[in-house]
Amino acid sequence: VRTKKYDEAKHRLKYILTMYPDASIIPKAKNLQERLAAGEPPKWGLDKWLPALTMPDWNLADIGIGTQDDDIDNQIGQ
């Protein structure tokens, strides 16, 4: 939205709404999505609409995802 690339912003908002439906930011994301759909993007800074967001710091090994080599090593007992 800040760079006036509204089609891209619509896709990102759809992703946020789909992937994080229980997040506290959802009401504001829906409002922003509705404004973009109506052709009325906000005229002030985006940070008033959406706070700085960070992605979860996932350690893939902690959730059981390793590399293919790790899986092979585990299977052959090395």
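When the residues of segment 13-42 are filtered to those that are of a type in the set (D, E, K, R) and surrounded by 11 or more Cβ atoms within 10 Å (Cβ to Cβ), which remaining residue is nearest to V1 (Cα to Cα)?
Within segment 13-42, the match that is nearest to V1 (Cα to Cα) is R35.
Could you check segment 8-62 and list, in sequence order, the residues that are of a type in the set (F, W, Y) and at pLDDT 90 or above? Outline the logic, then answer.
Within segment 8-62, the subset of a type in the set (F, W, Y) is 15, 20, 44, 49, 58.
Matches in segment 8-62: Y15, Y20.
Which pairs have Cβ atoms under 8 Å, sit 6 or more apart or on different chains, and link a residue in segment 1-19 that is more than 21 Å from K43 (Cα to Cα) to one that is of a type in the set (K, R) and open to solvent by 80 Å² or more (accessible area, probe 1.4 Å)?
Within 8 Å, the pairs are L17/K30.
The values are calculated or read from the model by the stated rules, or taken from the named source; none is laboratory data. Please read these numbers as outputs of a predicted model, since none were measured by experiment. Virtual Cβ from ideal backbone geometry, glycine too; neighbours counted across all protein chains shown. Heavy atoms of the whole protein, side chains included, go into the accessibility calculation; ligands, DNA and RNA do not. Shrake-Rupley method; radii C 1.70, N 1.55, O 1.52, S 1.80 Å.
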